[in-house]
1. Calculate, in nm to one decimal, what Val95 and Glu127 gain on full extension: separation in residues at 0.36 nm each, minus their alpha carbon distance.
2. Sort the range 18-165 into rounded, prolate or oblate with this rule: let a ≥ b ≥ c be the square roots of the eigenvalues of the Cα gyration tensor; rounded if a/c is under 1.5, and if a/c is not under 1.5, prolate when a/b is larger than b/c, oblate otherwise.
3. Averaged over all directions, how much area does the convex hull of the C-alpha atoms of the range 84-129 cover when projected, in nm²?
4. Take each of the peptides 127-133, 23-29, average the number of other beta-carbon atoms within 10 Å over its residues, and list them starting from the highest.
5. Can you give the extra length, in nm with one decimal, that the chain gains between Ile33 and Asp53 once fully stretched, where that is 0.36 nm per residue apart less the Cα-Cα distance?
Amino acid sequence: MRMSAPGSEPRRWSRARAAGFTLIEVMLVMAIIAIGTALVSLALRDGTQSRLDEEGERLSALLESARTEARASGITVRWVLADANTSDGSHFKFVGLPAGAELPTRWLGEGISAEIVGARWLLLGPEPVLPAQRLVLHLDDRRLVLASDGLAPFSPALAGDNATP
């Protein structure tokens with residue numbers, strides 16, 4: 001004899017009849033994709049280029065700081081590459097800055113070298129409009145061109161502007 005109304009008995013779901021994925025399965029796949037993406041992005045990072053970019057940004061800030069000091073003080077300031085056999089270990093110098101305005105004179109890392117294109121030094125002031133100037137930073141086989149049109153701060157040159165050393 002039946003004790004329940006027709007259709008009120010619990011249905012038995014079979015694995016074959018269930019469609020789709022469980023939440024755990026979807027989360028597991030997403031975690032695997034996220035880990036793989038993170039590993040690929042870390043593998044694509046070029047350490048040498050990153051160091052060179054960091055030096056370029058730092059040097060751009062230093063040059064702009066010296067340029068601002070030159071304008072404010074009304075003095076001529078030049079950025080000069082140091083000789084290889086300097087006794088103080090400096091890599092470059094800011095010539096003409098007042099005594100209280102000391103700026104760093106060394107690269108952050110080893111192996112960085114620089115070349116000023118078409119001149120012996122970079123002129124940083126006191127005139128508000130300067131000639132266009134360029135310098136090239138080298139690290140291993142990489143290079144970064146920093147340029148200024150005389151009005152704007154030094155910044156990395158566009159890829160098409162890298163034709164000179």
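Read-outs throughout are calculated quantities, based only on the coordinates presented, and are distinct from any laboratory measurement. No experiment lies behind these values; they were computed from the predicted model shown. No Cβ is skipped: glycine too gets one built from the backbone with ideal geometry, and neighbour counts run over all protein chains shown.
1. Between Val95 and Glu127, full extension yields 9.9 nm more.
2. prolate
3. The Cα convex hull of the range 84-129, projected and averaged over all directions, gives 4.7 nm².
4. 127-133, 23-29
5. 4.2 nm
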